[in-house]
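Values quoted throughout were computed directly from the atomic coordinates according to the rules given, and no laboratory measurement underlies them. Predicted model, so just to flag it, every value in this text is computed and none were measured. We place every Cβ from the backbone using ideal geometry, glycine too, and count neighbours over all the protein chains shown.
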Amino acid sequence: MKKIKNIIPVLALSLILLNGCSSLNVGEGLTKIISKQLGVTDVQALGGVGAILTLAQQKLAKGDFDKLAKIIPGSESYLNIAKLVGKLTGPVNSVSDLAPAFKNLGMDAGKIGEFVPAVTNYASMAGGSGIADMLGNVLK
């Protein structure tokens, strides 16, 4: 019964996202790359990237995070989705703190190790090695 209660909000959010992704500016780009590359659903991709960005936001100086957010379209939406679907409620101070969010998204903690290089590679392609290095240092 508990699994059904957890699935219902995810399904509802999935429908909202599928109908409104273009307005969020999140539906294409990174979400599609992550979904295809890692074999996860769009909701899992959105929540996983959002969880990683939440860690980056908490660990980076505001100006540095703003540079990262500028190269990832829909960064604010990713952060909000991570809070809704991944249920990020407390501080996220390390990569290991992402495990509960990934579990809430239906992924095991091992998937974090796949998301980190995928997001870092995207940051490198979109913003150059400086941004990728900055992000990579936070995600160690």
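Does VAL43 satisfy being closer than 11 Å to PHE115 by Cβ and either under 12 Å from the mean Cα position of the chain (by Cα) or not in a helix (DSSP H, G or I) (or both)? When the stated conditions are applied, VAL43 does not pass them. Scanning the stretch 115-134 for residues that are touching a residue at least 24 places away in the same chain (Cβ under 8 Å) and under 13 Å from the mean Cα position of the chain (by Cα) yields PHE115, VAL116, ALA118, VAL119, TYR122, ALA123. Of all the criteria given as (1) assigned to a loop (DSSP other than H, G, I, E, B); (2) more than 17 Å from THR31 (Cβ to Cβ); (3) in contact (Cβ under 8 Å) with a residue 12 or more places away in the chain, the one not satisfied by PRO73 is (2). Here is the figure for the stretch 88-99: residues that are in contact (Cβ under 8 Å) with a residue 40 or more places away in the chain and surrounded by fewer than 16 Cβ atoms within 10 Å (Cβ to Cβ) total 0. If you go through the stretch 85-99 and keep only what is of a type in the set (Lys, Arg) and over 14 Å from GLY50 (Cα atoms), you end up with nothing.
Scanning for something more than 27 Å from GLY130 (Cβ to Cβ), buried (at least 22 other Cβ atoms within 10 Å of the Cβ) and hydrophobic (A, V, I, L, M, F, W, C), does the stretch 79-87 turn up at least one residue? So far as the stretch 79-87 goes, yes, one or more of its residues are more than 27 Å from GLY130 (Cβ to Cβ), buried (at least 22 other Cβ atoms within 10 Å of the Cβ) and hydrophobic (A, V, I, L, M, F, W, C). Residues that are surrounded by fewer than 18 Cβ atoms within 10 Å (Cβ to Cβ) and within 12 Å of LEU55 (Cα to Cα) within the stretch 100-140 comprise GLY136, ASN137, LYS140, listed in sequence order.
All conditions in (1) touching a residue at least 40 places away in the same chain (Cβ under 8 Å); (2) crowded, with 17+ Cβ neighbours inside 10 Å hold for GLY29, with the sole exception of (2).
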